Amino acid sequence: MIASLALPVTVPSPAGELRLRGAREADLGALMGLMSDDAVSRSRGDVASPEDEDAYRAALLALMQDPANALIVAELGGAEEGGETGIVATFQLTLIPGMARRGATRLLVEAVRVSSSVRSGGIGGALMRWVMESATQLTGAELVQLTSDVRRPDAHRFYERLGFTGSHVGFKYRIPQE
């Protein structure tokens, strides 16, 4: 399960050493900031509003308690234990057992966010390479998959350069809220 990931780990990147660790409740402010750090996310309602803090906190706590999920943060240099200092990126990993592909387990990568202050500096590539190289060893997964909003062509090129194939068309249905 994802809960048994051996974290923290140090990952080299062109921007410097990244320390990957599981997210903590104390990271909530930094995580909200990362979720709202681009126009596509803001258009979907991720605006880091104080009114949304309870919803984000509930989601973070649920992820932290679910053994099939991990929300990872990446700290760049000088990070202080227990605080938000140095958090420059985050991503969610979800382990999905399946019947297709002869019972293959998939590792889903979601909510990949790199701070705009360090974007295009090699951090995203370092994180994704770590996921790709560690997927089988850390989780037993046979396939790493992700989705990316159609409004993110730069992200699509980024994933293709890493070796991902745009092999499927994804669909989402927003459930009406009352």
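Values quoted throughout were computed directly from the atomic coordinates according to the rules given, and no laboratory measurement underlies them. If you're wondering where the values come from, they're calculated on a predicted model, not measured in any experiment. FYI the Cβ positions are ideal-geometry reconstructions off the backbone, even for glycines, and counts take in every protein chain you see.
Quick notes on this one:
- Mean ellipticity per residue at 222 nm, deg cm²/dmol - from DSSP H runs of n ≥ 4 across the chain, formula -39500 (n - 2.57): -9000 deg cm²/dmol
- Ordering of 21-27, 152-158 by packing is 21-27, 152-158, highest average first (other Cβ atoms within 10 Å, averaged per residue).
- By average C-beta atoms within 10 angstrom, highest first, the peptides 97-105, 59-67: 59-67, 97-105
- The value of relative contact order for region 2-161, using C-alpha pairs under 8 Å at least six residues apart, is 23 percent.
- Global geometry of region 101-178, whether rounded, prolate or oblate, following the gyration tensor of its Cα atoms and the 1.5 cut on a/c: oblate
- log10 of Debye I(q)/I(0), alpha-carbon scatterers only, for the chain at 0.08, 0.12, 0.14, 0.20 Å⁻¹: -0.24, -0.57, -0.80, -1.70
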